[in-house]
Structures are given as structure tokens and as C-alpha cells.
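Structure, as C-alpha cells:
The values are calculated or read from the model by the stated rules, or taken from the named source; none is laboratory data. Bear in mind that the values here come from a model prediction, so they are computed numbers and not experimental data. No Cβ is skipped: glycine too gets one built from the backbone with ideal geometry, and neighbour counts run over all protein chains shown.
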Amino acid sequence: MTFGSDDRGAPSSLRGWLSEVYFPAVLAGALEPLLLRLGARATLDEPMIGHAAGLEQLAENLGQMSKKLAETNASWDRYAFVTGIDRDMTEGILSFDREDLRIALPVAVVAERRKSREVELRVYCRSRELPRSLPRNPPFIPPLPALVPDNVRALLDCFAAGDAKGAAALFDGASFTREPTARQREGREAIEHGFASLLGAGVELFPTGTADDGRHCLVEGALLRIGGTEVRPIHSLFVLERSDQGLFRSLRIYDDALASTEG
């Protein structure tokens, strides 16, 4: 593939939000249109191929990723989409073959739009389940946390305090949660039981970015404490959906660290 020096490049044939078209383009081998959409100043933080910046490195890494996913008969099923002021996010299920198993892994893609036509694409999932994974650089921690809505702040405070009962009280009776392992819990009682195992003495998420469309709120961040113990910052994404009553209808978590230990 060759590209001109103009950062804008030629028009891409890919239509739709960048987070939406990312996996379909990779799986279809439509890498040149995807690279044109990303642009010369784009960066990609992806657990299968690592961090990449600039068209040459992006082309090489995406080519490797496309080949690996093709070898595992991978497919993508879109689940949900959220857009905010400066970023959009698409959730889906990435399915692929591993030995005699067919793995269905929840994955989220966030595309952040910055000044000067810069785009940063970040992929969140339980990376150890992927056909291939590389160590990731720790997330950037800004001086101040990103502002989040009051009810989201209340949930994060309950998480930090290890308050499973208080956290579960923020969900309505027909709600569900899904962990990075794809384990799902339905109903407030089951959610509280899951939170008690997941949180232990507390899980601290430092918010670094958000998007909110009124119904959904996504919170990108860094895990700083798990089970009450400080850890090296870990990429994490929380996706919350609100009910009509103002409580939460669902929480979906994407990272490589959080998982409850009890059924």
C-alpha cells in the first residue's frame, strides 16, 4: 500500500463511524480504506498488535492482525453504539476458533477525535483470550479525572469503597451486569453477589474520558486499585445503560483484570 504525504489522503470508501467500521474492515481485509479513514496522524492501541502510530506501522500491524483473524475464522457481531462530543464507541462480539472451541469474546472499540485531524483508536477486551496478545503500555493518567455524571460518580465511589450493596442499589430490578469474562448476572440480588466477589476491599477506576448520549454512558479509565491493593495502571472501560427510572439497566466491563471469583 502506498499513500501520499497529504494527511487527509484520498476519500475512503468506508462509511459509518470509525469505531463501527474498524472490525468489519479488518476482517474483510479492507485495510487501505481503513487506513485512509484513520489518517497519517492516527494511533492505534490494540492488544493483539500493540501500539502503532503512522500509516506505515499501522499498515504493517493491521495486516498481521487481519491475517491472524482470518486464520481463526473470526467474525464480528455488533452489539451497541454510543457517541459523545469527542469520541464514539462500538461494542460487539468477536468470535474465533481456538483448538476445538469457538470463542465468543466481548470487545469494545473507542475512536477519539482530537485536534488537527488526529484520531486515536483503542480496543478493550479480556486480551488473554485473543488468538494473539501483546503487553500494553499503561494508560496515560491526566492530572485531573474526567468529569462523570453524578450517578456514575456514585457507582465509582461504591466500587472504590468495596460497597457491593450500595453499588447494586443503583441498578433496577431487571438489570444485568457483564464482566470481561462474559459472565453475566441478572437481577439486583445476583448483581450484589457478583459485586461482593468482584470488588473485595475496593476497585478504583480513575476516569480519563467519557461519552454520554443520554441513554448510555461510557467511562474510559485506568484501574489503580483492585481488591483494595494498588496496581500498575490498567486500561479499563465501563459501559452503563440507564433505565427509564433513572437507575442503571446494565453495566458492561471491558478490561484484562476484573473478574469475580465466585459463581
So residue 100, is it of a type outside the set (A, V, I, L, M, F, W, C), under 24 Å from residue 250 (Cβ atoms) and assigned by TED's automatic domain parsing to the domain that holds residue 29: no
Identity of the residue in region 111-155, at pLDDT below 85 and of a type in the set (Ser, Thr, Tyr), that ends up nearest to residue 211 (Cα to Cα): 116
Top-ranked residue of region 179-195 - restricted to ones that are crowded, with 18+ Cβ neighbours inside 10 Å and under 24 Å from residue 128 (Cβ atoms), ranked as nearest to the chain's Cα centre (by Cα): 180
Matching residues in region 66-92 - criterion: being among the hydrophobic types (A, V, I, L, M, F, W, C) and crowded, with 22+ Cβ neighbours inside 10 Å: 69, 82, 89
Strands (runs of 3 or more DSSP E) wholly inside region 26-110 containing at least 1 residues that are within 25 Å of residue 182 (Cα to Cα) and at pLDDT 95 or above: 75-83, 87-98
Segments classed as strands (runs of 3 or more DSSP E), wholly inside region 116-192, with at least 1 members that are in contact (Cβ under 8 Å) with a residue 60 or more places away in the chain and not charged (D, E, K, R): 119-124, 171-178
Qualifying residues in region 226-237 (those that are touching a residue at least 60 places away in the same chain (Cβ under 8 Å) and buried (at least 17 other Cβ atoms within 10 Å of the Cβ)) - the one farthest from the chain's Cα centre (by Cα): 233
